[in-house]
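What follows is a set of notes on a single structure, which appears directly below.
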Amino acid sequence: MIGPEHLPIYDSHQRKQLEIINTPTIPVVRRDLAERELNIAGNVLAMAERTR
């Protein structure tokens, strides 16, 4: 179960994935992984927002 104490971790992870995605020299495979991770973090944060 993800509690409110975990949300800062997901927020930080989401921001880090955006940094990776916006790095022009990052390999395509790594960018794809970062996009998947970004979607997961975004979904977790969106679910947490709905339950508030």
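The values are calculated or read from the model by the stated rules, or taken from the named source; none is laboratory data. Quantities reported herein were computed from a predicted structural model and do not represent experimental measurements. Don't worry about glycine lacking a Cβ; one is built from the backbone with ideal geometry, like all the others, and counts go over all protein chains shown. Calculation scope for accessible area: heavy atoms of the full protein, side chains included, ligands and nucleic acids excluded. Shrake-Rupley method; radii C 1.70, N 1.55, O 1.52, S 1.80 Å.
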Check: In the stretch 1-46, which residues are under 13 Å from the mean Cα position of the chain (by Cα) and in contact (Cβ under 8 Å) with a residue 40 or more places away in the chain?
Finding: Leu7, Val44
Next item on the list: Mind listing whichever residues of the stretch 15-30 are farther than 23 Å from Thr51 by Cα and open to solvent by 60 Å² or more (accessible area, probe 1.4 Å)?
Entry: Lys16, Leu18, Glu19, Asn22, Pro24, Thr25, Pro27, Val28, Val29, Arg30
Next item on the list: Kindly indicate whether any position in the stretch 3-14 is touching an Asp or Glu at 6+ places or on another chain (Cβ under 8 Å), open to solvent by less than 80 Å² (accessible area, probe 1.4 Å) and at pLDDT below 95.
Entry: no
Note to self: Can you report the number of residues in the stretch 19-47 which are closer than 17 Å to His6 by Cβ and charged (D, E, K, R)?
What the structure shows: 1
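Can you tell me which residues in the stretch 41-51 are open to solvent by 90 Å² or more (accessible area, probe 1.4 Å) and part of a helix (DSSP H, G or I)?
Asn43, Met47, Glu49, Arg50
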